[in-house]
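Notes follow once the structure below has been shown.
Please treat every number below as a calculation from the coordinates, not as lab data. Here the structure is a predicted model, which means the values were calculated and not measured. Positions of Cβ are generated from backbone atoms using ideal geometry, with glycine treated the same way; all protein chains shown enter the neighbour counts.
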């Protein structure tokens, strides 16, 4: 953060000012636009300049403290990752070759396997309960399509697709809508290839349960305020949205990206599937919102899915029609 200081004759800063600047440097030295030595060469020639300097210094300290707080909170968020179920395919050697995929061995190829972050964990472990007694593993659809989640509910993660998404989104920012407990958002953050990844979901209490990794938001609320990223990720969400809320939901999806969208929209039976669409219908619906499907990239990401077969047909990559074409050279 840069501040404009007037050029004046050389003199030393008052002791209190020097101590305040030193405190600011201790909080986050990299945020200071000038060093203490440089500040000592500045002079306060008038009472007005002294007042301006004091205001600037106070604002600088407040900014640095706020920045330090945000970074500490972000560090705390990074410590928590959801329990995610992965189902290794028979081609274990392929998994071992993929970046970050050390979870497959011949002895476990038919076993139920879970991870937390990038570590193997016991699938029977649970997070803090959100649901009522007797429904620990339940996911109950609500009127908006969001799920009420039991404390032991576990989302599934396709590691092959997650790796491919990290490569595809590399160097970009991502907003995930309908992020659940954050399996994909957490994966993208841990991969480190994206500039930022934030998740939103309508599940009650999801912000507290995930430590802020996923934030609670009713994605069907008209005019919902959401951050804008380069890309939006929305996997297996739209089929849960009642048809009378579809327009509001898609409007919120469309306003969260300035480049494109990776979307999967189910066309198969499932829990809470009230609004299935065939792939051709999905493409047509997104064209109405100003998106064009990118067939080559779509096929690449579809092929990358290794454990969840529906992604082979439900996944699409869309580009805003005013943004040109997408190139992708990741794994097939």
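Name the shape class, rounded, prolate or oblate, that the alpha-carbon gyration tensor gives for the stretch 201-320, where a ≥ b ≥ c are the square roots of its eigenvalues, rounded holds for a/c under 1.5, and otherwise prolate holds if a/b is larger than b/c and oblate otherwise.
Judged from the Cα gyration tensor, the stretch 201-320 comes out rounded (a/c under 1.5).
Report the label-to-label distance for residue 216 and residue 321 in nanometres (one decimal), using points 7 Å from each Cα along the Cα→Cβ vector.
3.9 nm
Taking a temperature of 37 °C and a viscosity of 0.692 mPa s, what whole-number D in µm²/s does Stokes-Einstein yield for the stretch 208-253 with Rh from Kirkwood over alpha carbon pairs?
It diffuses with D of about 276 µm²/s by this estimate.
For the stretch 135-259, what does the alpha-carbon gyration tensor say about shape, rounded, prolate or oblate, given a ≥ b ≥ c as the root eigenvalues, a/c under 1.5 as rounded, and a/b over b/c as prolate?
Oblate.
Assign one of three labels to the stretch 243-307, namely rounded, prolate or oblate, based on the Cα gyration tensor with a ≥ b ≥ c the square roots of its eigenvalues; rounded applies when a/c is under 1.5, prolate when it is not and a/b is larger than b/c, and oblate otherwise.
Working: a/c = 1.78, a/b = 1.06, b/c = 1.67.
Oblate is the answer for the stretch 243-307, as a/c is 1.5 or above yet b/c matches or exceeds a/b.
Just to verify a number: FRET efficiency for residue 121 and residue 274, C-beta to C-beta distance, R0 = 35 Å, to 0.05?
Numbers: r = 33 Å, r/R0 = 0.94.
According to the calculation, E is roughly 0.60.
Considering only C-alpha atoms, what is the centroid distance from the stretch 249-291 to the stretch 137-176, in Å?
A separation of 15 Å, based on Cα centres.
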